[in-house]
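**Q** Before we start, here is the structure in question, set down as C-alpha cells.
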Amino acid sequence: MSNSKWKFTISYSNNVTGDVVQALQVSGFGILDSETIAEALLDTTELDIGIDKKSEIEPKLLLQNLKKIGLSVKWLNEPAA
C-alpha cells in the first residue's frame, strides 16, 4: 500500500528574500532534509516534492513560509476549503 502525499512544486526566482533552509525548518523539516531540498532547488530552480500526509510537516505552514520568503509554490493536491 502506498502512502498518501501532499504534492508541491517549488520554484526559485530572484525575488527570494529569505533563507530557504530556515523556512523549511520552521515548517517541520529536519536540518539535513532542509539543506538537501534548498540545494536541489538552487540546482534546478524548480522542484517537485512529496510530503507524507502522516508526517509532522504542516502543509499550510510550509506553503505560507515558502511564499513569505519569495518562492513560488503550488500545492498540487490542496484540499478544497
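The values are calculated or read from the model by the stated rules, or taken from the named source; none is laboratory data. Here the structure is a predicted model, which is why all the values come from computation and not from measurement. Neighbour counts run over all protein chains shown; Cβ positions are idealised from the backbone, glycine included.
**Q** Could you tell me whether the stretch 8-30 includes any residue that is in a helix (DSSP H, G or I), touching a strand residue (DSSP E or B) at 6+ places or on another chain (Cβ under 7 Å) and without any contact (Cβ under 8 Å) to a residue 60 or more places away in the chain? Don't jump to the end; show me each part of the working.
**A** Of the residues in the stretch 8-30, the ones in a helix (DSSP H, G or I) are 20-26.
The next check asks that each one be touching a strand residue (DSSP E or B) at 6+ places or on another chain (Cβ under 7 Å); those that pass are none.
Looking for residues that are in a helix (DSSP H, G or I), touching a strand residue (DSSP E or B) at 6+ places or on another chain (Cβ under 7 Å) and without any contact (Cβ under 8 Å) to a residue 60 or more places away in the chain, one finds none in the stretch 8-30, hence no.
**Q** Taking the options Asp33, Asp43, name whichever one is of a type outside the set (A, V, I, L, M) and surrounded by 14 or more Cβ atoms within 10 Å (Cβ to Cβ). Walk me through how you get there before you give the answer.
**A** Details: Asp43 fails: surrounded by 14 or more Cβ atoms within 10 Å (Cβ to Cβ).
The conditions single out Asp33.
**Q** I'd like to check something: does the stretch 31-49 contain any residue that is of a type in the set (S, T, N, Q), closer than 15 Å to Phe8 by Cα, within 11 Å of the chain's Cα centre (by Cα) and assigned to a strand (DSSP E or B)?
**A** No, the stretch 31-49 has no match at all.
**Q** Identify, please: which residue in the stretch 50-67 is charged (D, E, K, R) and under 12 Å from the mean Cα position of the chain (by Cα) and is, among those, modelled with the lowest pLDDT?
**A** Out of the qualifying residues, it is Glu58.
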